[in-house]
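To start, the structure itself, in structure tokens.
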Amino acid sequence: MEIPYAIKARPDTGLYNAKIGIWLFLASEVMLFGALFSSYILLRVGSDPGAWPHGLLNIPIGTFNTTVLITSSVTVVLSWAALKMGDFKKYRAFQAVTILCALGFLGIKSYEYNEKFTHYEVWQKDGKRLTGHIEIEGGHHFLTLEKLAKRGVQSITVHPDDFHYTVPSKVQAEERKAGKVEHHPAVEIKLADVRRLSAFVPTHSTYFAIYFTLTALHALHVLGGALVIGYLWGPGAKMWKTDPERYTNRVEVSGLFWHFVDLVWIFLFPVLYLL
């Protein structure tokens, strides 16, 4: 039995079945990310004045990753257009770039995550707070006061950052431009004087909880989209010889999902990195 409207458009909607399906799926995705963005806005607006972190994310890396995803959106369109013109070799070339961009994005995001896992904020009992890297033997990932105490650590050496996130990023940029930023030497702190210690992980603050929730969910979408595109580019490409029109439709549907993933990041980047 042949499935109707797998290639040709339905008379009532003007779309073939797969395209209707992907639009319905994307509607549910809009509701998912819309709820998370709304939560972010409410949490940020409801935070205490001066308590919301600023300047803790690597803007150059985020900008480069944005460029990578935008490039992949362009190559997805070009690959689909190549199929419409019957040029399968050009399609595979463009789609190979798309897959490389997806892997590149995930690799850069992994590097950025690792950077957060080794970056700390230290709350001292006298009220002082430092952000920076901790120098300690035995690894410096996901350290806590409890872990350090079990290892018998008496003191930690912190290499402080040249900024503090309670200062607006625009002010920091102006200070850097004017050469007013001071470079702080390493500071040794006794563990007994530390009230709290946390890497830039979800348990650090509300900001990092929502940051990792949004970016990790987005990264899973990037991975899922890359797997589908990779399958169509590789084993699934056999359909091009038997049913080229249906294969082209499948590539178009995967491209629509990929554009949505890119669009989500276009909103994530300024909201999390710039504002």
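So, HIS204, is that one assigned to a loop (DSSP other than H, G, I, E, B), under 30 Å from VAL45 (Cα atoms) and either modelled with pLDDT of 85 or more or of a type in the set (Lys, Arg) (or both) or not? Answer is yes for this residue. May I ask you to say which residue of LEU83, LEU42, LEU24 is buried (at least 18 other Cβ atoms within 10 Å of the Cβ) and in a helix (DSSP H, G or I)? Answer to the check: LEU83. Yes or no: HIS183 surrounded by 14 or more Cβ atoms within 10 Å (Cβ to Cβ), modelled with pLDDT under 75 and assigned to a loop (DSSP other than H, G, I, E, B)? Spelling it out, it is not the case that HIS183 is surrounded by 14 or more Cβ atoms within 10 Å (Cβ to Cβ), modelled with pLDDT under 75 and assigned to a loop (DSSP other than H, G, I, E, B).
Screening ARG195 with (1) touching a Lys or Arg at 6+ places or on another chain (Cβ under 8 Å); (2) among the basic types (Lys, Arg); (3) at pLDDT below 85 gives one miss only, at (3). When GLY55 is tested against (1) at negative phi; (2) surrounded by 12 or more Cβ atoms within 10 Å (Cβ to Cβ), just one condition goes unmet, and that condition is (1). Contact map, the stretch 257-275: residues that are in a loop (DSSP other than H, G, I, E, B) paired with residues that are among the basic types (Lys, Arg), Cβ distance under 8 Å, separation 6+ or inter-chain. No pairs are found. Does THR213 fit the bill of being at pLDDT below 85 and under 30 Å from LEU263 (Cα atoms)? No.
Let me confirm something: among VAL68, VAL76, VAL122, which residue is touching a residue at least 40 places away in the same chain (Cβ under 8 Å) and not in a helix (DSSP H, G or I)? Spell out how you get there, then give the answer.
Details: VAL68 fails: not in a helix (DSSP H, G or I); VAL76 fails: not in a helix (DSSP H, G or I).
From the options VAL68, VAL76, VAL122, the qualifying one is VAL122.
Which one of these does PHE105 not meet: (1) part of a helix (DSSP H, G or I); (2) more than 28 Å from the chain's Cα centre (by Cα)? Exception for PHE105: condition (2).
I'd like to check something: does the stretch 42-56 contain any residue that is modelled with pLDDT under 85, more than 30 Å from TYR211 (Cα to Cα) and not small (Gly, Ala, Ser)? No, the stretch 42-56 contains no residue that is modelled with pLDDT under 85, more than 30 Å from TYR211 (Cα to Cα) and not small (Gly, Ala, Ser).
Just checking, does the stretch 230-245 include any residue being loosely packed, with under 14 Cβ neighbours inside 10 Å and among the aromatic types (Phe, Trp, Tyr)? Yes. Applying a threshold of 9 Å to beta carbon distances and a minimum spacing of six or more residues, or different chains, the list of pairs starting in the stretch 139-162 at a residue that is under 19 Å from PRO185 (Cα atoms) and ending at one that is charged (D, E, K, R) and part of a loop (DSSP other than H, G, I, E, B) reads ASP162/GLU182. Of the residues making up the stretch 94-112, those that are surrounded by 15 or more Cβ atoms within 10 Å (Cβ to Cβ) and without any contact (Cβ under 8 Å) to a residue 24 or more places away in the chain are PHE94, LEU100.
The values are calculated or read from the model by the stated rules, or taken from the named source; none is laboratory data. If you're wondering where the values come from, they're calculated on a predicted model, not measured in any experiment. Note: ideal-geometry Cβ built from the backbone for every residue, glycine included; neighbour counts use all protein chains shown.
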